[in-house]
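**Student:** Here it is, the structure in full.
Just so it is clear, none of the values below were taken in a lab; they were calculated from the coordinates. Keep in mind that what you see is a predicted model, and the values were worked out from it rather than measured. Virtual Cβ from ideal backbone geometry, glycine too; neighbours counted across all protein chains shown.
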Amino acid sequence: MINIEVNNRQVQAKENEMLLVTLRREGIHVPTMCHLEDLSPSGACRLCVVEVAGHPNLVPSCSFPVYPDMKVQTHSPRALKARKTIIELLLSNHPDDCLYCERNNTCQLRLMAEEMGVRARRFRGEKNNFHKDISSPSIVRDPAKCVLCGKCVRICEEVQAVAAIDFTGRGSQAQVGPAFNEGLNVSSCVNCGQCIRVCPTGALVEHSHLAEVEMALNDPEMIVVAQHAPAISVTLAELFGDKPGRDVNGALVTLLRKLGFDRVFDTSFSADLTIMEEGSELVHRIKNGGVLPMMTTCSPGWIKYVEQTFPDLLPNLSTCRSPQQMLGALIKSFYAEREGIDPSKIYSVSIMPCTAKKFEAERPEFSRDGLADVDAVLTTRELAQLARRRGLNLADMEPEVADNPLGSRSTAGKLFGGSGGVMEAALRSAFFLLTGRNLDELKVQAVRGLDGVKEATIDIDGLMVNVAVVSGLENARVLLEEVRAGRKDLHFIEVMTCPGGCINGGGQPIETDIEAVKARMKLLYQIDRDESVRLSHENKAVQQVYQEFLGEPLSELSHKLLHTHYDPREVLK
Amino acid sequence: MSAPLTDIQPILDRYPNASRDALIPLLQDVQEVQGFISKETVVSIGKHLNLPASKIYGVATFYNQFRFQPLGRYHVQICRGTACHVKGSATIFETLKRELGIEAGETARDGQFSLEVVACLGACGLAPLICVNGKFHGNVTGDSVRKILRAYRKEAKKEATNE
């Protein structure tokens, strides 16, 4: 530890850390637009400039290491003036269409202009004529609104190992985009939406499905069905002003009904179903010398990543569809049949913490007879917007119970919302499938938590099953390189595209911080601790669907409706 | 126009076990042989250097020297150096863009003309100056530029009928 002086006060700092880190720890507010915790500092936006005695120029605190006895002024008139000028310059060529911008309420540029007290247009720059890229089913890119902070570029490359976008051009023509200014749809973009989550402006937003959903909700002919992912109920309250850490499962069901959804189902139900299928597949592969390690397929960004970057490992992917697609298929087959509804009169909407789910729902393999299994996907943010539009507040909703049987879940299915959850649920049921008994201790601590890489060995009556859990595609890439190079000890790998899993997905509230992700994860564990049905194979609704419709796991009908296969994919990368 | 591209493998072979610092020399070598940087090139350079295509395109677009379309039959270079600027090259540049219907760094759809901005051609006595396929045309005006382009168009047509 060393001593430094900030605003005439003695402050302790860790040796060699960046000044901004010290300031944040001390609760001293210095604005920044380009800083990402845990990633290399870029110093792009210069908003974090401070005055350091002995330095003729202002220094960017995000990329300036502390040294003993330095004297810092964070809010000197000179620093404040510089910050204000930076904002004014950023605004000089900004489209100024805030009233029409999706990020109106969450735009950091707008908030900082307000914070710095920008009240007049001092600089009038030439506007650029960049085109909007609407080619992607998940992400809309509007380079005209970009402030070139580079957060999207860094998260795409350093966290996700995708690097679909980078700075192109120079000077006033500089923008962020894929190679050859092609559309995102032909780039290596995996649609994860982490770029949206970190974007300070409206330059990156989701491809909204709200208009289509509103149309369906207003169509008296249509039975509009909703499914909500495990991460939604532990997050949604945050968008209605609550602090992270409140589960609103029942209120969410009520909210969806009030919005006009005719049936409300739970994707955690099909997560349980996934476990039955995937668990059986794993046991089958282990017993019959199938391709190992088997890898999970719940996360559509990850699937696209394997298709384009590790096509040689496609046989390692489980053939199971994701829970969204399993439930989508069941709604338009099993449920339609059971209720005597024409499947073409069902409009199936899923509420997901994810932008890649929009891409997944549009994959041609997930439709039958010209009908998509899932018709529209709303992100957590879009659902909150829909509710606001109807003046519905989550806090006013009396909790209700979801529809049966596709709305009942075990807590194992619920755990799918966080990294390690699929693994924990799968291990519980695989143990049962192999031994006929349940684990004494259901909690598998080794695969819990927010670490990007977790490994464990589970003793299933002498059969040592080695598993790995990774989240963030860079972590996945490192592991896959090991597998490619011949690592043989692993049986089962869980991969979630976003760091920490779906609770930190690209469809979640903008500027989610690590504390919020921790709180959401804790909620998932609390639910698992407090409820009684904690095993996918003990979910009565799952048993019922097998009895009435599917037969047994890996049956012919299961294969038709719940499984798929993936092919190598050519992209510009 | 779309002549098959020369194989760039021999060029890549000149940079064994290379990393990202070989990127710019590699791009220069490829452009020297192929006349421009194609998508295929970017992908193969990316594989060779283990770099994403977006990164290579980002670096290449930072520098004026790289082009992403094949050169036209007539490659027009306009000098925007100090002397030419003083003598009114900005207007000449505008005339060229309008006449050819392309921006700097682009090639017209019919493949006849491409346009490039250069900093100085080293013949400031002739300012303002353009250079077509290595031939200098000095002291140009808006009118004379149009005349020069017309002459090349005629030449191209004649060659086409003779072929």
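**Student:** Which whole-number percentage describes the relative contact order of region B:68-163, with Cα contacts under 8 Å and a sequence gap of 6 or more?
**Tutor:** 33
**Student:** Which ordering of A:LYS145, A:LYS560, A:LYS84 is given by a fewest-first count of other beta-carbon atoms within 10 Å?
**Tutor:** Ascending number of Cβ neighbours within 10 Å: A:LYS560, A:LYS84, A:LYS145.
**Student:** Give the order of A:THR274, A:THR564 when sorted by the count of other beta carbons within 10 angstrom, beginning with the fewest.
**Tutor:** Fewest to most other Cβ atoms nearby, the residues stand as A:THR564, A:THR274.
**Student:** I've got another one for you. Between 0 and 90 degrees, rounded to the nearest ten: what's the tilt of helix A:473-484 against the longest Cα principal axis of chain A?
**Tutor:** Relative to chain A, helix A:473-484 is tipped by roughly 60 degrees.
**Student:** DSSP beta bridges in region A:409-502, what fraction antiparallel, as a percent rounded to 5?
**Tutor:** That works out to approximately 60 percent antiparallel.
**Student:** Mind checking region A:147-234 for GluC sites (Glu not before Pro) that DSSP puts in a loop (not H, G, I, E or B) and that have at most 15 other Cβ atoms within 10 Å?
**Tutor:** A:GLU221
**Student:** What distance in nm lies between label points placed 7 Å from Cα along the C-beta direction at A:GLU455 and A:LEU313?
**Tutor:** According to this spin-label approximation, the distance is 1.4 nm.
**Student:** Quick one: compute the contact order of region A:90-206, relative version, from alpha carbon pairs under 8 angstrom and 6+ residues apart, as a percent.
**Tutor:** With pairs under 8 Å counted, the relative contact order is 31 percent.
**Student:** Related question: Given A:LYS132/A:LYS358; B:LYS97/B:LYS147; A:LYS488/A:LYS560; A:LYS304/A:LYS358; A:LYS151/B:LYS47, which pairs have Cα atoms separated by over 21 Å?
**Tutor:** Flagged as over cut-off: A:LYS488/A:LYS560; A:LYS151/B:LYS47.
**Student:** For A:CYS34, list long-range residues whose amide hydrogen, built 1.01 Å from N in the peptide plane, is under 5 Å from its own amide hydrogen.
**Tutor:** Those lying under 5 Å, H to H, from A:CYS34 are A:CYS45.
**Student:** Search the structure for amide H atoms under 5 Å from the amide H of A:MET294, placed 1.01 Å from N in the peptide plane, and list their residues when 5 or more places away or on another chain.
**Tutor:** So A:MET294 has HN proximity to A:PHE492, A:ILE493.
**Student:** Which of A:VAL377, A:VAL453, A:VAL571, B:VAL76 has the fewest other C-beta atoms within 10 Å, and how do the rest follow up to the most?
**Tutor:** A:VAL453, A:VAL571, B:VAL76, A:VAL377
**Student:** Return the calculated 222 nm mean residue ellipticity for the protein assembly as shown, to the nearest 500 deg cm²/dmol, obtained by summing -39500 (n - 2.57) across DSSP H runs with n ≥ 4 and dividing by the residue count.
**Tutor:** Dividing the helical sum by the residues of the protein assembly as shown leaves -10000 deg cm²/dmol.
**Student:** Just to confirm the number: angle between the C-alpha axis of helix B:142-162 and the first principal axis of chain B, 0 to 90 degrees, nearest 10?
**Tutor:** With both axes taken from Cα atoms, the answer is about 70 degrees.
**Student:** Now for a different question. Run the numbers on chain A and let me know its relative contact order in percent, using alpha-carbon pairs under 8 Å that are six or more apart.
**Tutor:** Rounded, it is 16 percent for chain A.
**Student:** Considering amide H positions built from the backbone, and no H for Pro or chain starts, which residues 5 or more places from A:THR355, or on another chain, come under 5 Å of its amide H?
**Tutor:** Under 5 Å from the amide H of A:THR355: A:GLY506, A:GLY507.
**Student:** For a quick check of your reading of the filter: which chymotrypsin sites (Phe, Trp or Tyr not before Pro) in region B:22-81 sit in a DSSP loop and have no more than 15 other Cβ atoms within 10 Å?
**Tutor:** In loop regions of region B:22-81 (DSSP not H, G, I, E or B), the sparsely surrounded chymotrypsin sites (Phe, Trp or Tyr not before Pro) are B:TYR63.
**Student:** Under the 0.36 nm per residue contour assumption, what length would be gained going from the current alpha-carbon distance of A:ASN16 and A:LEU89 to full extension?
**Tutor:** The A:ASN16-A:LEU89 span can extend by a further 23.1 nm.
**Student:** Another question about this same structure. Starting from region A:27-96, pick out the GluC sites (Glu not before Pro) whose DSSP state is loop and whose Cβ has at most 15 other Cβ atoms within 10 Å.
**Tutor:** Here the GluC sites (Glu not before Pro) that fit, given the DSSP loop and packing criteria, are A:GLU37.
**Student:** In chain B, what percentage of the DSSP-assigned beta bridges are antiparallel, given to the nearest 5?
**Tutor:** The antiparallel fraction comes to roughly 55 percent.
**Student:** Related question: Tell me which aspartates and glutamates have Cα within less than 15 Å of B:LYS55's Cα, excluding those fewer than 8 residues away on the same chain?
**Tutor:** Cα-Cα hits under 15 Å: A:GLU157, A:GLU158, A:ASP166, A:GLU182, B:ASP21, B:GLU40.
**Student:** If I fit a long axis through the Cα atoms of helix A:421-435 and take the longest principal axis of the Cα atoms of chain A, what angle between them do I get, 0 to 90°, rounded to 10?
**Tutor:** Tilt of helix A:421-435: around 20 degrees.
**Student:** Just for the protein assembly as shown, what percent of DSSP beta bridges are antiparallel, to the closest 5?
**Tutor:** About 55 percent, rounded to the nearest 5.
**Student:** R0 = 22 Å: FRET efficiency of A:HIS131 with B:VAL117, Cβ-based, nearest 0.05?
**Tutor:** Working from the Cβ atoms, E equals 0.45.
**Student:** What does the charge add up to near A:ARG9, with Lys and Arg as +1, Asp and Glu as -1, over the other residues with Cβ less than 13 Å from its Cβ?
**Tutor:** -1
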